[in-house]
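J.: Here it is, the structure, as structure tokens.
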Ligand code: C2E
Ligand code: MG
Ligand code: MG
Ligand code: MG
């Protein structure tokens, strides 16, 4: 609460706070229009089997072409979309679009779609996933849902029931950003994830930080023992890839192999890579 340089006039917001609030309002107003104006795209980042180097699929990553701002990263609007009640619609669009694209790829390739923690708890996710599969005709086993540890924060029966319901559709469930949230080790006992994605923050320090290597080794080893596929995110160097291979990590994703790209570029990537 700041006192303004006038007599007795009180303002709750400093000019700086006021500016931020205006920016946020503008962002929210633009976000509300983005879907109907067709400003969202999905970028696809290849995922590869580390041993064979063959493409196993792609992660669909949301991009917003905000007029006057260019491409906006999801990190700067997913949170807002959750707060203002837009995440279900946006998430539903991403599911529909990803399935629609993936059905055009060779049949052994999967598409991974991110599901935010708020989206997970809202009613309608199950129906949304089922509808995306039905509309596109994509085989359910080719769709993978990436959820973060945030979903498991509310360690409730409902969470577990929802995970099982989604799985009953035949889709795969991956745990994203593993190791960055609150400990979800307990959850690995209750729900059998199909994949664990080791967060980029660990992969980044491979080769320079002995602790990062120990953590990656532990996660890969644990995944193997539990029969869960391991994926390392954000692989940027050959050295990182080699270390991951020596630890037995199964799948990789990162700039070294391919950046997130348009659907057309991904189709081209598949042809050139000969993994079709
Ligand atoms: P994420 O799911 O963990 O996605 C991985 C992020 O790492 C992506 O950032 C990707 O572009 C980036 N990345 C991949 N490889 C590398 C690398 O080698 N180096 C570096 N520096 N970065 C790499 P992006 O696309 O900005 O997405 C950020 C986050 O936004 C995602 O993290 C995900 O949590 C969220 N997100 C993206 N699309 C969606 C969506 O459709 N729905 C929801 N709910 N969240 C989404
Ligand atoms: Mg992800
Ligand atoms: Mg991740
Ligand atoms: Mg992330």
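Every number in this text was worked out from the coordinates using simple rules, so none of it is lab data. Since we're looking at a predicted model, the values are computed, not measured. When we count neighbours, we look across all protein chains shown, and the Cβ atoms used for this are built from the backbone with ideal geometry, even at glycine.
J.: In nanometres, what is the gap between the two model label sites at residue 238 and residue 226, each 7 Å from Cα along Cα-to-Cβ?
T.: Each label point is offset 7 Å from its Cα along the Cβ direction, giving 3.4 nm.
J.: Classify segment 54-125: rounded, prolate or oblate, from the alpha-carbon gyration tensor (a ≥ b ≥ c, eigenvalue square roots; a/c under 1.5 rounded; otherwise prolate if a/b is larger than b/c)?
T.: On the way: a/c = 2.36, a/b = 1.44, b/c = 1.65.
Oblate, because a/c is 1.5 or more while a/b does not exceed b/c.
J.: Which residue, 156, 104, 135, has the most motion in a Gaussian network model of the chain that connects Cα atoms within less than 10 Å?
T.: 156
J.: Starting from the Kirkwood Rh over alpha-carbon pairs, what translational D in µm² s⁻¹ does segment 60-178 have by Stokes-Einstein at 4 °C and 1.567 mPa s? Each step should come with its number before you reach the end.
T.: Numbers: Rh = 14.8 Å.
It comes out at roughly 88 µm²/s.
J.: Stokes-Einstein diffusion coefficient for the chain at 10 °C in a medium of 1.306 mPa s, Rh from the Kirkwood formula over Cα pairs: what value in µm²/s?
T.: Working: Rh = 20.2 Å.
Answer from the Stokes-Einstein relation: 79 µm²/s.
J.: For an R0 of 51 angstrom, estimate the FRET efficiency from the Cβ-Cβ distance between residue 104 and residue 16 and round to the nearest 0.05. Mind dumping the intermediate values first?
T.: On the way: r = 48 Å, r/R0 = 0.95.
It comes out at approximately 0.60.
J.: Which of 147, 210, 87 moves the most in a Gaussian network model of the chain with Cα springs under 10 Å?
T.: Highest fluctuation among the options: 210.
J.: Here's something else I'd like to know. Let me see the P(r) profile for segment 11-59: every Cα-Cα distance counted, bins of 5 Å, each bin given as a percent of all pairs.
T.: Pairs per bin, as whole percents: 5, 17, 11, 10, 9, 10, 10, 9, 8, 6, 4, 1, 0.
J.: Relative contact order for the chain: what percent, with Cα pairs under 8 Å and sequence separation of 6 or more? Could you put the intermediate results ahead of the total?
T.: Values: 431 pairs, mean separation 48.3, N = 276.
The value is 18 percent.
J.: I've got another one for you. Quick one: among 182, 126, 255, which has the greatest mean-square fluctuation in a GNM of the chain with alpha-carbon springs under 10 angstrom?
T.: 182
J.: What's the angle, to the nearest 10 degrees (0 to 90), between helix 210-226's Cα axis and the longest principal axis of the chain?
T.: It works out to around 60 degrees.
J.: Follow-up question, since we're still on this one. Assign one of three labels to segment 102-166, namely rounded, prolate or oblate, based on the Cα gyration tensor with a ≥ b ≥ c the square roots of its eigenvalues; rounded applies when a/c is under 1.5, prolate when it is not and a/b is larger than b/c, and oblate otherwise. List each step's numbers first, then the result.
T.: Values: a/c = 2.58, a/b = 1.94, b/c = 1.32.
Cα axes put segment 102-166 in the prolate bin.
J.: Tilt of helix 238-247 relative to the longest C-alpha principal axis of the chain, in degrees (0 to 90, nearest 10)?
T.: It works out to around 60 degrees.
J.: Follow-up question, since we're still on this one. Set the Förster radius R0 to 30 Å, insert the Cβ-Cβ distance between residue 191 and residue 35 as r into 1/(1 + (r/R0)^6), and round the FRET efficiency to 0.05. Intermediate results must be reported in sequence, preceding the final value.
T.: Details: r = 31 Å, r/R0 = 1.04.
With R0 = 30 Å, the Cβ-Cβ based efficiency is 0.45.
J.: OK, next. Taking the chain as the reference, fit the longest principal axis to its C-alpha atoms, fit the long axis of helix 157-168 to the helix C-alpha atoms, and give the angle between the two in degrees, 0 to 90, nearest 10.
T.: 50 degrees
J.: What is the distance, in nm, between label points placed 7 Å from the Cα along the Cα-to-Cβ direction at residue 268 and at residue 130?
T.: 4.0 nm
J.: Quick check on segment 164-267: take the gyration tensor over C-alpha atoms, sort the square-rooted eigenvalues as a ≥ b ≥ c, and tell me if it's rounded (a/c under 1.5), prolate or oblate.
T.: Working: a/c = 2.05, a/b = 1.15, b/c = 1.78.
Judged from the Cα gyration tensor, segment 164-267 comes out oblate (a/c at least 1.5, b/c at or above a/b).
J.: Something else: Could you estimate the translational diffusion coefficient of segment 133-180 from the Stokes-Einstein equation, with Rh from the Kirkwood formula over C-alpha pairs, at 20 °C and 1.002 mPa s, in whole µm²/s?
T.: Rounded to a whole number, D works out at 183 µm²/s.
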